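Structure first, commentary second.
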Amino acid sequence: MFANRFTAIVDACVLVGVAKRNLLLSLAGAELFRARWSDEILEETRLALTRLFSSRIGIDEPGPRADAAIAAMMTAFPESAVTDYEKTRDTRDTLSCLPDAKDHHVLAAAIHCKASVIVTDNL
């Protein structure tokens, strides 16, 4: 199948909005591509979801709801976790091509898992 060859790192910014997240994860669930993310990406997603649930939606205790969303993703796609990309630290430290140093971990994880693309909203 196609998904055994095409891998995409999915950045936190596209995992926060429910419509994009559902679309991307539905496509990954249909095995059109292999979704990958790191613990850092999931933590960024959790923090953004917590802020979203608190500020825009007005949920009093947003943490458990954000944790549940992350847990559901991890349960549905247990193979998606990119680990040991920190060993790419030398590469990560020289990733000056990105305008935001906070995104170096995304590129380092993509390099480590040999992703074909990075799915992001960042320009």
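Read the figures in this text as sums done on the coordinates, not as results from a lab. In this text the structure is predicted, and so the values were computed from the model without any measurement. As a convention, Cβ positions derive from the backbone with ideal geometry for all residues, glycine included, and neighbour counts pool all protein chains shown.
Miscellaneous remarks
- Only helices enter this figure: runs of n ≥ 4 DSSP H residues, each worth -39500 (n - 2.57), summed and divided by the residues of the chain, yield -15000 deg cm²/dmol at 222 nm to the nearest 500.
- For the chain, relative contact order (Cα pairs under 8 Å, six or more residues apart, normalised by length) works out to 36 percent.
- All lysines inside 23 Å of residue 87 as judged from Cα atoms, apart from same-chain residues fewer than 8 positions distant: 102, 114
- Here the chain is treated with +1 on each Lys and Arg Cβ and -1 on each Asp and Glu Cβ, and its dipole about the Cα centre works out to around 340 debye.
- When log10 I(q)/I(0) by the Debye sum over Cα atoms at q = 0.11, 0.19, 0.20, 0.22 Å⁻¹ is computed from the coordinates, the matching label among [x] -0.46, -1.07, -1.15, -1.34; [y] -0.36, -1.11, -1.23, -1.47; [z] -0.37, -1.05, -1.14, -1.30 is [z].
- Span-rule helices in the chain, defined as complete DSSP H runs reaching 20 Å or more along the axis (Cα) with Kyte mean at least 0.0: 62-76
- Distance (nanometres) between label positions extended 7 Å along Cα→Cβ at residue 59 and residue 116: 3.3
- For the range 21-75, averaging the sequence separation of C-alpha pairs within contact (under 8 Å, six or more residues apart) and dividing by the residue count gives a relative contact order of 25 percent.
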